[in-house]
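Engineer: Dropping a structure here in structure tokens format, bear with me for questions.
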Amino acid sequence: AVRAGYEQVERLAAASFATPGLFLERLVTRARHVEVQLFGDGAGRVLALGARDCSLQRRHQKVVEETPPPGLAPAVLDQLLATATDLGTSVGYRSAGTVEFVHDVERDEVAFLEVNTRLQVEHPVTEAVHGVDLVEWMVRLAGGDASMFDEPAPRSTGHAIEVRVYAEDPHRGHRPGAGVLTEAAFAPGPRVDTWVEAGTEVSAHYDPLLAKVITHAPDRDAARRAMVDALHATRLSGIETNAAYVAALL
């Protein structure tokens, strides 16, 4: 079975990429997606603003993100932060970026995945626990202001969770939700980043993200309970969304 599978993939590689060369990678059956937020000045100074856990995904698309990563051994977290910082320093990284890793739960080991050279959708959880505005930092740095590197590194406080509210029906195979929103209301307490309002027409042809809801609390369970309350208070009428489904998962 292994030989047949190898030969099949080899033929696919040769047809698609004009070379049959393959990479063999270890199968990680219990994997976590953990990433480190970087911010660099382009001249060797790099800040590692904690790590995020983004393991709750559907079709490799993140749904729930949180920081700090729950249950991650301090030594593993230290390794992630040091590795990401060394990588950013070695290339003179500038502005915001994310170093992503796969955490093998059974072996308690991490492996490098990729670098996203941009600000990511889940950056608000990092902003919440560190008390910074990464977009403001990017604009300031672009204007020549690198004073954020001369100040004490922001410390992490509490726990933050972000949920991506998607226009899709979880009870029908996550079929895309499309139509006109007759109501769009969110809980008043948490941060909400959204582009929709009552009367917005949501198409099935684009990314289904309607809003990001972010809660921040002294500990993980308080942040989780706040998120459940916020999702139950979310009113997006006229189309199907995953808000109640994710609230049930949390």
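The values are calculated or read from the model by the stated rules, or taken from the named source; none is laboratory data. Note that the structure is a prediction, hence the values are computed from the model and not measured. Please note: Cβ atoms are built from the backbone with ideal geometry, for glycine as well, and neighbour counts cover all protein chains shown. We work out accessible area using only protein heavy atoms, side chains counted, and drop any ligands, DNA or RNA first. Shrake-Rupley method; radii C 1.70, N 1.55, O 1.52, S 1.80 Å.
Engineer: If exposed means no more than 13 neighbouring beta carbons inside 10 Å and the site is in a DSSP loop, what's the longest run of the chain without any exposed GluC sites (Glu not before Pro)? Could the numbers behind the result be given before it?
Structural biologist: Numbers: sites that count: Glu25, Glu106, Glu197.
Formally, the longest exposed-site-free interval is 107-196.
Engineer: Starting from the residue with the highest accessible area, list Phe39, Phe149 in decreasing order, probe 1.4 Å.
Structural biologist: Values: Phe39 0, Phe149 25 Å².
From most exposed to least exposed: Phe149, Phe39.
Engineer: Of all the C-alpha pairs in the range 124-250, what % are more than 19 Å from each other?
Structural biologist: More than 19 Å apart: 55 percent of the Cα pairs in the range 124-250.
Engineer: If one computes the Cα centroid of the range 163-189 and of the range 110-125, what distance in Å separates the two points?
Structural biologist: The range 163-189 and the range 110-125 have Cα centres spaced 25 Å from each other.
Engineer: Suppose a student asked you for the relative contact order of the chain, using Cα pairs under 8 Å spaced at least 6 residues apart; what percent would you report? Could you put the intermediate results ahead of the total?
Structural biologist: Values: 477 pairs, mean separation 40.1, N = 250.
Computed over the chain, the figure is 16 percent.
Engineer: Report the one residue of Leu236, His171, Ala198 whose Cα lies farthest in the direction of the positive end of the charge dipole of the range 132-250 (charges on C-beta: Lys and Arg +1, Asp and Glu -1; origin at the Cα centre).
Structural biologist: It is His171, whose Cα lies furthest towards the positive end.
Engineer: For the chain, what does -39500 (n - 2.57) per DSSP helix run (n ≥ 4), summed and divided by total residues, give at 222 nm, in deg cm²/dmol to the nearest 500?
Structural biologist: One gets -9000 deg cm²/dmol as the mean residue ellipticity at 222 nm.
Engineer: Karplus couplings for the range 46-56 from phi (6.51 cos²θ - 1.76 cosθ + 1.60, θ = phi - 60°), rounded to Hz, Gly and Pro as x?
Structural biologist: With coefficients 6.51, -1.76 and 1.60, one gets 9, 9, 9, 9, x, 10, 10, 9, 10, 7, 7 Hz.
Engineer: Right, here's the next one. What longest range of the chain stays clear of loop-exposed trypsin sites (Lys or Arg not before Pro) (DSSP non-H/G/I/E/B, at most 13 other C-beta within 10 angstrom)? Before the final figure, lay out the partial values.
Structural biologist: Numbers: sites that count: Arg26, Arg30, Arg59, Arg107, Arg118, Arg155.
In the chain, the maximal stretch lacking such sites is 156-250.
Engineer: Nothing charged except the Cβ atoms of Lys and Arg (+1) and of Asp and Glu (-1): what's the magnitude of the dipole of the chain about its Cα centre? Round to the nearest 20 debye. Kindly include the intermediate steps, with their values, before the conclusion.
Structural biologist: Details: 24 positive and 35 negative charges, 106 e Å.
Using Cβ point charges on Lys, Arg, Asp and Glu, the chain gives about 500 debye.
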